[in-house]
Amino acid sequence: MSFSEIKSDANNTRLEKVSANNTIDASEVSFEVIGGGESSVAKSEKPKDNISEMSFSEIGSVKGNEVSGIVGKQANESPEKKDPNLSEISFEDVNIKAEKEEKLENFEHLSHIDPDDEWLQMETGSIAESISSVRKQGSNVYSEFSAIDFNHIMNNQCNLVKTKADIFVQDDIMQKIIRYIGMFSDDVKKSLFTIRSKDTLLSQSTKESDKLNANQEFIDYIVDLDEINIDFVYLILDLLEYYKLYKLCIFVCNRYGLSRKIGRYLVNVASKYSNFASENLVAEHLKLYNKNQRLIQGEKAFVANVALHNVLENINPAFLKLKKKQDHEDASNSLGPECFRELINLGFWKKVLFLMDYQNSLALSATYGSFKNYKIIFVGENTDYRVDGFDHKIQKVDFQYLPFKTPSTTEEIEACLIGLDAVIWDLQEKFPKNLYKYYSPSPSGELEVPTFPSFFAFNGILWQFLVHHTPENQRVFEKYMEEAIPNLLRILNNTDFKSEIIDLRIYDLITFFVQIAMLHNHVPILAESLTNLSDAQFEEL
């Protein structure tokens, strides 16, 4: 949509002006004045009026004269509601409505699950009892995140990976594995003749009595497990994997430090429980809006997360710890990028978020808009930063968690951009941009605009105006709106323009324009300000 169309829409909703001489003559504002100050612009514009925190799920009354005017205006302009024609009602709609009213009481969608599955054993009760408990409480009490660090568990309520006491295969178990496999595997039997025993080299007996039982020789033979060749270990693992004995595979890998092999078996188990391979992942209307369909998908995810978490508890914790920024990732401390990539493709991105290295964990949380976890990783796993009261700061959606006033590195600039995305996301969820008939403000509290840093001045002014609509805030907003395009063009057209935070200013301006284009049809006060611009200024926009 072009800004000419925006102005046309704005004119349709604009009230008649009281006087033709009522046009605001805003003084020219330079780029340096707008963005150069250290203090926040939003902070300097002290709010005078408040709007209640907005919610689309509760019915109530709108608080504040401005918002009441908005709702009233929308209600007056909406067309008269007509009774639906019988021919317009489809049986699909009727079925969906009826299905929404029914509660999910059966477990048919989980009929393929074996309750005795070794990976689905719970600390208390069974997997079916756990799902029933989730249904009764109406929420998923089992976190999809897993971590072995208590800081991640306290800040994000992750499931603690309680490493089992017997994750390293014992010598007697390893001897039994070798002995049993050697009974029916000629390759293992041949390899045994090349392995040093604890006392002597294995040699074939020529005694006639030994020929009575050809297998007796290596059945009683005790192999020196510390002298086993890695190729022989791989041979054992291949046979165990063939029979899908993944727990034994993991135990053997724990003993010999084969982290990449563990990653392979973890992916094999995950593919068994992930519904990505068997489900149609197209975002269809029935899946998105039918409550029972969402519950079915949620319970399948619950089972998959329980299984994968149980597997993690059988893996050497040295391979699972989230690496700090200064740590180097290798086969001694990580399951490998191939493992994590496959798990993400299977839908387990939350499971691996706190198991990878610093950079990839940041990238993953940013990709999925997991802003809180981004803050936890960015500050908590970087020893360069020390933030007092960090646990408290990450709970609020604002810029207070940033451990610097002005970013100086690419990584810090990215953290600022993520912070702005998080704040905009939070404000737009609470602000009534779409005034549908089911909308009502939330009575839980008032919508609070955080303090924006100076390099996000335009966004700060926009949200101060939207939430705290006063004549002064409107005057400042319109002044900034007039200068937005000239500032952006000045930056883009001047190849010699140099600034360490120029990327932040460009992103601030672009998001400023995008939000205006998105909100102007739903917020009359914003449309009114657009019509206050001259034709020349609108053409420039």
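The values are calculated or read from the model by the stated rules, or taken from the named source; none is laboratory data. Not measured: the values here are computed from a predicted model. As a convention, Cβ positions derive from the backbone with ideal geometry for all residues, glycine included, and neighbour counts pool all protein chains shown. For the accessible areas, the whole protein counts, side chains as well, though only heavy atoms, and no ligand, DNA or RNA atoms are used. Shrake-Rupley method; radii C 1.70, N 1.55, O 1.52, S 1.80 Å.
Laid out as a table, the results:
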read-out: Solvent exposure ordering (accessible area, 1.4 Å, most first) of Asp508, Asp421, Asp172; value: Asp172, Asp421, Asp508
read-out: Nearest-10 value in Å² for the accessible area of Thr495, using the 1.4 Å probe; value: 130
read-out: Rounded if a/c under 1.5, otherwise prolate or oblate - region 365-414, Cα gyration tensor axes; value: rounded
read-out: Accessible-area ranking of Trp425, Trp119, Trp349, largest first, probe 1.4 Å; value: Trp425, Trp349, Trp119
read-out: Bins of 5 Å from zero: percent of alpha-carbon pairs in region 226-291; value: 3, 14, 21, 17, 10, 7, 7, 7, 7, 4, 2, 1, 0
read-out: Filtered GluC sites (Glu not before Pro), region 226-303: DSSP coil and at most 14 other beta carbons within 10 Å; value: Glu279, Glu284
read-out: At R0 = 35 Å, FRET efficiency that the Cβ-Cβ distance of Gln170 and Asn275 yields, to 0.05; value: 0.45
read-out: Evaluated at q = 0.14, 0.19, 0.20, 0.21 Å⁻¹: base-10 log I(q)/I(0), Debye formula over Cα of region 283-363; value: -0.57, -0.85, -0.91, -0.96
read-out: Surface accessible to a 1.4 Å probe, Leu364 within the full protein complex, Å²; value: 10
read-out: Accessible area of Ile413 in the full protein assembly, 1.4 Å probe (Å², nearest 10); value: 20
read-out: Lys244/Ala318 FRET efficiency (R0 25 Å; Cβ-Cβ; nearest 0.05); value: 0.45
read-out: Accessible surface, per residue, of region 283-326 when the full set of protein chains is kept, probe 1.4 Å, Å²; value: 40
read-out: Whole-number percent relative contact order across region 258-324, with pairs defined as alpha carbons under 8 Å at least 6 apart; value: 44
read-out: Lysine-lysine proximity count for region 227-316, Cα under 20 Å, sequence distance 8 or more or distinct chains; value: 8
read-out: Whole-Hz ³J(HN,Hα) from phi, Karplus 6.51 cos²θ - 1.76 cosθ + 1.60, for region 328-341, glycine and proline x; value: 9, 8, 8, 5, 7, 9, 8, 7, x, x, 5, 4, 5, 5
read-out: Where trypsin sites (Lys or Arg not before Pro) fall in DSSP loop in region 475-538, at most 11 other Cβ within 10 Å; value: Lys498
